[in-house]
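Engineer: One structure follows; several queries about it will come next.
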Amino acid sequence: MKVKYVRIVIVFLWMSSSLLFSQEETLSPFEKTVQKETEKFNDFPDFHKAKTFFLAHQWDSTLVYTSKQLISKENNIQVTNYCHFFRGLIFRNKSILNEAKTELFKISKDFPLYNNVKIILGGIAFEQLQFQKAIQYYKVIDSIGTANLKGLKKANIEENIGSCYLHLKQYDIANTYFQRSISLHEKNKDTLELIGTYGNIASFYYEQYLDENAIPYYEKAYKLSQKIDDYGLKLEAAKNMSIVERNRKNYVLALQYTDEVIKYKDVLNDRDRNWAIGKLEKELAVNKKQEEVNALAIENKLKQAERNRFIYLAVILMLILIAVIYFYKEKVKTNKIIVAQKESLDELNAMKDKLFSVVSHDLRSSVHALKTSNTELSENLEAKNFNALDTLLNTNSAIVNGAYNLLDNLLHWALLQTEQSYFEMENMHLFFIVEQTAYNYKPLLLDKKIEFKNKVSEDEIAVADQESLKIILRNLLDNAIKFSNPNDKITVYTRNTSENYCDLVIEDTGMGMSETTRLQLLNDSVTLAKKENKHIIGTGLGMQLCKSMIQKNKGKFAIESELGKGTKMIVSLRKNLPNGAN
């Protein structure tokens, strides 16, 4: 049985930074070079957008804006070169190789990254099995000094040339280039590249049926793979060693390596499964949002039709009222209805006035604080007091976030009061809802050095409307962070104290509250109340919104707290969705 080698074609360095599960957007050395070289062309709007999309790996948007730049009247020879360069790279990435060559051939020789153009053309020739032509491109680059390669590795070029000669079965020349590549990788301590090169050398010997010379390189590749976190390379290295030991008839070791292969496959499958779940949840969320938009559109049409019917009925009633005299009893009844509606309207107006008063006061305070902070920011900027600048910027961010949360809560409260919010009760996994909500608060948690733990079981299911549950969690997490001190802890977990309800607990080790404050927060009154704790002031609208949404989700709300010892906010949700319920 022949051992499968790791790779032959060397992937370009600029493409290596695109990781599927990376939360951090970092630029490769090549991309940093592109960013630096193109800064002087930011005055070209379409090109600037194309470059931004290119660095973000949004290929289709890059193609759109490079096309706009190429047909623009305002142009520059180097801007044109970069547009063709971006398009050539994208077409190569999409495996549209002939179109990629067409774009790259349009680039002039005075282009700052012309060496990179040659290496890309070499890669295209390799993929089209034109090995002699690929060697010509690679050797031109191989003769250039390392300092002028701009994002490409000398060792990779040597290995590419060796791979070409290997395919041409010119083994002596291939070996020379492979050995040069190994020397450069070992000198640069580039572990990932070394694993690939060792695989190529092993394949080089296997092509000549020199198994004894090939096996040590497979062993080196396996040992290096144990020092990295790339499970794909670990799997290939272990699979190669399993076949090697099987060929040696050392079945015990072969079985051990096979067990490793199975383990690494399981790890990769779990990663792919998590990615698939995340992608599915994202698609479901998008579809749900679209359904909400469609439902609101239909609802608006129905309301418009209802208003039209009301107008027609009003006209008919007016004609009838001209001819018919109401009895006194009906007048009294009508008057009572009018009085009741007036009282209800007066009550709503009073609540509206109080809401406007409280919200406008808080917004005015936030804007005034931001104005004062910006004045201090300007003064410290002129004085180059950078320590104070950092503090003031963090203060500004906190003020803006507070105002944003206030307006967001106000919007949801208004939708809830006017019965315009869309509710759909369904069974959902609480663990993923908590993870999605807490992710947005990671920067704030890190800033206050607060330890956060999600101890909710992945199997825990409750019945609720997904969007309203996220709003509830956002407000309770925001309060927990706000009323926690640096180095405190926030924990979210579930407890089952009832057969019909699941308790979702948001616990913090922060300031806590008095019994009087706790009872006030549990008060079901719709009247908004100010709350104050040291320097933390709010409208109480977020807590009122939480209670209203919990009630609409057929849930319960409780608070356990002791001053100075932290707080537990408990949201009780139903475990099972009744038949036909929604």
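The values are calculated or read from the model by the stated rules, or taken from the named source; none is laboratory data. Since the structure is predicted, the reported quantities are computational estimates derived from the model, not experimental observations. For neighbour counting, all protein chains shown are included, and Cβ atoms are generated from backbone atoms with ideal geometry for every residue, glycine included. Protein only, heavy atoms only, side chains kept; ligands, DNA and RNA dropped before computing areas. Shrake-Rupley method; radii C 1.70, N 1.55, O 1.52, S 1.80 Å.
Engineer: Kindly provide the set of residues from segment 164-181 that are surrounded by fewer than 21 Cβ atoms within 10 Å (Cβ to Cβ) and of a type in the set (A, V, I, L, M, F, W, C), ordered by number.
Structural biologist: Leu168, Ile173
Engineer: Okay, next question. Can you tell me how many residues in segment 81-135 are among the hydroxyl-bearing types (Ser, Thr, Tyr) and open to solvent by less than 30 Å² (accessible area, probe 1.4 Å)?
Structural biologist: 1
Engineer: Check Lys154 against each of (1) over 21 Å from Lys139 (Cα atoms); (2) of a type outside the set (S, T, N, Q); (3) open to solvent by 30 Å² or more (accessible area, probe 1.4 Å) and name the one condition it does not meet.
Structural biologist: Only one criterion is unmet by Lys154, namely (1).
Engineer: Restricting to segment 477-512, give me the number of residues that are under 22 Å from the mean Cα position of the chain (by Cα) and buried (at least 23 other Cβ atoms within 10 Å of the Cβ).
Structural biologist: Final tally of qualifying residues: 2.
Engineer: Next question. Testing Leu255 on (1) within 30 Å of Asn175 (Cβ to Cβ); (2) assigned to a helix (DSSP H, G or I), one condition comes back false. Which one is that?
Structural biologist: Every condition holds for Leu255 apart from (1).
Engineer: Filtering segment 458-505 down to residues that are basic (Lys, Arg) and modelled with pLDDT under 90, which residue is nearest to Leu446 (Cα to Cα)? Steps first, please.
Structural biologist: Taking segment 458-505 and keeping what is basic (Lys, Arg), we get 470, 474, 482, 489, 495.
Subsequent filtering for residues that are modelled with pLDDT under 90 retains 470, 474, 482.
On the way: Lys470: 21, Arg474: 17, Lys482: 13 Å.
Among them, the one singled out is Lys482.
Engineer: Report every pair of residues separated by at least 6 positions or lying on different chains whose Cβ atoms are under 9 Å apart, first residue within segment 82-93 and β-branched (Val, Ile, Thr), second surrounded by 24 or more Cβ atoms within 10 Å (Cβ to Cβ).
Structural biologist: Cβ pairs passing all conditions: Ile90/Phe54; Ile90/Thr66.
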